[in-house]
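Read-outs throughout are calculated quantities, based only on the coordinates presented, and are distinct from any laboratory measurement. Since the structure is predicted, the reported quantities are computational estimates derived from the model, not experimental observations. For neighbour counting, all protein chains shown are included, and Cβ atoms are generated from backbone atoms with ideal geometry for every residue, glycine included.
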Amino acid sequence: MAALGPDLYETLQIRYPRSPTRALAPESPPAASRWALGTAVGMGVVMVLVLGAALAALITLHTRDQAELRAARADLAAAGAPLLPDPDGPQSPSESPAAAQRRKEQLGRWLQGLSLGWLHHRGKIYYFSGEKKPWGEAEAACRFTHSHLASITSAEEQDYLAREARGGSYWIGLVATGSGGSWRWVDGAAYSQAQSFWAPGQPDSQDHGQWGQEGCAQIHPVGNGLWNDHNCNFTFPWICKRDLSRP
């Protein structure tokens, strides 16, 4: 009989468990967790930077608004017009609560206008739109902000608006009315042919067929912002104007 191989129990290797008192090494966080933690930290830094930039912008805006208001008050005082209400000034003993409330509301409108991009110049504020509308809708948009399409009654005002237009075409508040096509300012300012700034050959009342003739004025790139008449149904940006001495 052949000899048997080594006893089974002699070849069996028994592995005992490790001692339970041995401390386990801490496991490294999963890669996904490390990525999420890094992303959260990065977003936090970005938010801090964004909030800081927003705060700086608000401080700059407030400083600019106060400077604009001081300039407006100086202009009105020099012209002998009623002063723009002082936000820090005391209430007059003769001022009624209703009048004080109106004063605060007026100040709020100026601040709101300046913060929304209106430009102050010599006691008036102007808004150059960034969208296009027909002349009538542009005037309606100005009225919604308690203003009108801009009238231009001096060479200095013409130069200022032409400069701010930067070579663009903008509706202004001049419109031809009546059978004779008489020109008038929509805000009630007096129109004078002698104090007008039409481009050479304008107005020419060109006929646009089904659209009709030209009967609304615009600042035009030709002649450094001189006036051109155009069909009122065409769409252009516009300029609103408001006098700071008016409520």
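Summary of computed values
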read-out: 5 angstrom amide H check on residue 226, placed H, neighbours 5+ away; value: 220
read-out: Model label zone, residue 233; criterion: amide N under 20 Å from point 7 Å along Cα-to-beta-carbon; scope segment 181-211; value: 181, 204-211
read-out: Magnitude of the charge dipole, segment 121-243, Cβ model with Lys/Arg +1 and Asp/Glu -1, debye to 20; value: 320
read-out: Extension gain (nm, one decimal) between residue 224 and residue 132, 0.36 nm per residue minus Cα-Cα; value: 31.0 nm
read-out: Förster radius 41 Å - calculated FRET efficiency between residue 177 and residue 94 (Cβ-Cβ, nearest 0.05); value: 0.40
read-out: Calculated from backbone phi, Karplus (6.51, -1.76, 1.60) coupling profile of segment 161-174 in Hz, x at Gly/Pro; value: 5, 4, 5, 6, 5, 6, x, x, 9, 9, 4, 10, x, 9
read-out: Three-way shape call for segment 121-243 based on the alpha-carbon gyration tensor, with the a/c threshold at 1.5; value: rounded
